[in-house]
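Contents: one structure, followed by commentary.
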Amino acid sequence: MIQGTRQKRIQKITVSVIGSHDATPKTAKLAYSVGKMVAELDCILVCGGLQGLMKEACRGAKAAGGLTIGILPGKEKADANEFVDIALPTTIGYSRNVIVAASADIVIALPGSFGTESEICYARVYGRPVINLGGWKMPGLIRARNLADATRIMVRLMRDMQHGECQE
């Protein structure tokens, strides 16, 4: 590699989908659609691996033939939802949110609470672009009006990453 140039990306892009451990019918449908979109774009889905929106995102990714990774708070792989392909127990509780954020190339934030907010903050600290589908009122997030808008943003970010350009 020539000094001062960036190498083109050869790894698959990882997308952390973050959101509530609870799901309403509306947010469950959104999470499922986001997971499906991630897989259709040939990305790997990373999440907290448990229930609620994490489960629905994994379910959507699996429906589209995608690969899912669950970063679990406890010590048991069996705690992962049934749509997680690779369960990674951490034994560190909510501190695993750092790993969920840091392992992402792109983060998609769905509705959630304090845990989701912490993942957004870590993602911003680590310079990861965060696509906001959860109505978050935080600076530095990329607002998406709907799933189609989020998909366009994802495609642009992925293109930039493939060409070695800035993530944000």
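State the number of residues belonging to the stretch 54-102 that are touching a residue at least 60 places away in the same chain (Cβ under 8 Å) and more than 19 Å from Tyr122 (Cα to Cα).
0
Filter the stretch 1-34 down to the residues that are assigned to a loop (DSSP other than H, G, I, E, B) and among the charged types (D, E, K, R), then identify the one that is modelled with the lowest pLDDT. Don't jump to the end; show me each part of the working.
Step one: of the stretch 1-34, the residues assigned to a loop (DSSP other than H, G, I, E, B) are 1-13, 19-24.
Next, only the ones that are among the charged types (D, E, K, R) stay: 6, 8-9, 12, 22.
Numbers: Arg6: 48, Lys8: 51, Arg9: 52, Lys12: 93, Asp22: 93.
Within the stretch 1-34, the match that is modelled with the lowest pLDDT is Arg6.
Pick from the stretch 103-114 the residues that are over 18 Å from Thr14 (Cβ atoms) and in contact (Cβ under 8 Å) with a residue 24 or more places away in the chain: which of them is surrounded by the most Cβ atoms within 10 Å (Cβ to Cβ)?
Looking only at the stretch 103-114, we keep the residues that are over 18 Å from Thr14 (Cβ atoms), and these are 111-114.
Next, from what is left, pick out any that are in contact (Cβ under 8 Å) with a residue 24 or more places away in the chain: 111-113.
Working: Pro111: 19, Gly112: 22, Ser113: 11.
The selected residue is Gly112.
Return the only residue of Leu45, Leu53, Leu41 being crowded, with 20+ Cβ neighbours inside 10 Å, at pLDDT 95 or above and over 18 Å from Gly135 (Cβ atoms).
On the way: Leu53 fails: over 18 Å from Gly135 (Cβ atoms); Leu41 fails: crowded, with 20+ Cβ neighbours inside 10 Å.
From the options Leu45, Leu53, Leu41, the qualifying one is Leu45.
Tally time: how many residues in the stretch 35-89 are within 24 Å of Ile153 (Cα to Cα) and part of a loop (DSSP other than H, G, I, E, B)?
8
Are there any pairs, at least 6 apart or on different chains, whose C-beta atoms fall under 6 Å, with the first in the stretch 115-143 and assigned to a loop (DSSP other than H, G, I, E, B) and the second modelled with pLDDT of 95 or more and among the acidic types (Asp, Glu), and if so, which?
none
Conditions first: (1) exposed (fewer than 15 other Cβ atoms within 10 Å of the Cβ); (2) under 15 Å from Cys43 (Cα atoms); (3) of a type outside the set (Val, Ile, Thr); (4) within 15 Å of the chain's Cα centre (by Cα). Gln162 passes all but one, so which condition is the exception?
(4)
Please go through the stretch 90-100 and give me each residue that is at positive phi and part of a helix (DSSP H, G or I), ordered by number. I'd like the intermediate steps shown before the answer.
Taking the stretch 90-100 as the starting set, the residues that turn out to be at positive phi are 91, 93.
Correct list: Gly93 only.
Is there a residue in the stretch 99-122 that is closer than 18 Å to Gly52 by Cα, under 14 Å from the mean Cα position of the chain (by Cα) and acidic (Asp, Glu)?
yes
Quick test of your reading of the structure: Asn132 fulfils all but one of (1) among the polar types (S, T, N, Q); (2) surrounded by 18 or more Cβ atoms within 10 Å (Cβ to Cβ); (3) more than 15 Å from the chain's Cα centre (by Cα). Name the failing condition by number.
Condition (3) is where Asn132 drops out.
Give just the number: which of (1) closer than 19 Å to Phe114 by Cα; (2) among the β-branched types (Val, Ile, Thr); (3) surrounded by 24 or more Cβ atoms within 10 Å (Cβ to Cβ) does Thr27 not satisfy?
Every condition holds for Thr27 apart from (3).
The values are calculated or read from the model by the stated rules, or taken from the named source; none is laboratory data. All values reported here derive from a predicted model rather than from experimental measurement. So basically every Cβ, Gly included, is an ideal-geometry build from the backbone, and we count neighbours across all protein chains shown.
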